[in-house]
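The block underneath contains the structure these notes are about, expressed in structure tokens.
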Amino acid sequence: DVKVTQSSRYLVKRTGEKVFLECVQDMDHENMFWYRQDPGLGLRLIYFSYDVKMKEKGDIPEGYSVSREKKERFSLILESASTNQTSMYLCASTLLALGQGTEAFFGQGTRLTVV
Amino acid sequence: AQKITQTQPGMFVQEKEAVTLDCTYDTSDPSYGLFWYKQPSSGEMIFLIYQGSYDQQNATEGRYSLNFQKARKSANLVISASQLGDSAMYFCAMREENTGFQKLVFGTGTRLLVSP
């Protein structure tokens, strides 16, 4: 069974803390994505990566960074957590191709609360 | 610029009726893929259906079909014979093949409520 696994389901962090969200996929996908989901705003792309050590900014990269040292692992880093980063974070992966069977697979999500 | 628009924040439908969820998109890439996902209250993202920009026929998957109107840049999801379990958030998404490193962008979603 194919899987995208996020390291935590729920996290509570303090303002100013450095926060790491980890995502691992076992499908040998080239593309990996980080989104945040907020009510009424849908899924907004933070960063994505199409290869090891390669990263591209999404629509809302401010306050975040990412790391992809291995193909299967994509980490999202909140350098100094703030209350406005309280959200649901979703990781996804896809093949670097388009067509039937190239849909994204998602992790279960991490609900981060910054207090 | 790559963009997905879902203009219906919420939709209501009675069980066994059909419902159409709207999605329009904007792209300058001639090659792209359109996806629909369902997100129940449990939170997982469930892939429903895919339409490629060069596909001649509208995609269908069971009770789901995609009304693809390329000239109008619309990709509406049609759910036939709605069931109570169809109550969920529905997201339209797009990937361009040749630009933007194939990033995947989503619309804001439509919440569907199916009543008995």
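The values are calculated or read from the model by the stated rules, or taken from the named source; none is laboratory data. Not measured: the values here are computed from a predicted model. All Cβ positions, even for glycine, are placed from backbone atoms using ideal geometry, and neighbour counts span all protein chains on display.
Couple of notes before you dig in:
- Within this structure, A:GLN37 fails the test of being touching a Cys at 6+ places or on another chain (Cβ under 6 Å) and either modelled with pLDDT of 95 or more or more than 22 Å from A:GLU72 (Cβ to Cβ) (or both).
- Listed here are the strands (runs of 3 or more DSSP E) enclosed by the stretch B:1-78 that have at least 1 residues being in contact with a strand residue (DSSP E or B) (Cβ under 9 Å, 6 or more places away or on another chain) and closer than 22 Å to A:LEU96 by Cβ: B:3-5, B:24-26, B:32-39, B:46-52.
- Among the residues of the stretch A:23-41, the one identified as at the interface with chain B (Cβ under 9 Å from one of its Cβ atoms), part of a strand (DSSP E or B) and surrounded by fewer than 22 Cβ atoms within 10 Å (Cβ to Cβ) is A:GLN37.
- Scan of the stretch B:31-41 for residues that are within 18 Å of A:ARG9 (Cα to Cα) and more than 9 Å from chain A (Cβ to nearest Cβ), ordered by number: B:PRO40, B:SER41
- Hits in the stretch B:79-109 - residues which are part of a strand (DSSP E or B) and among the small types (Gly, Ala, Ser): B:ALA88, B:ALA93
- Contact map, the stretch B:56-76: first residue surrounded by 11 or more Cβ atoms within 10 Å (Cβ to Cβ), second residue charged (D, E, K, R) and not in a loop (DSSP other than H, G, I, E, B), Cβ cut-off under 7 Å, separation 6 or more or different chains; pairs are B:LYS73/B:ASP26.
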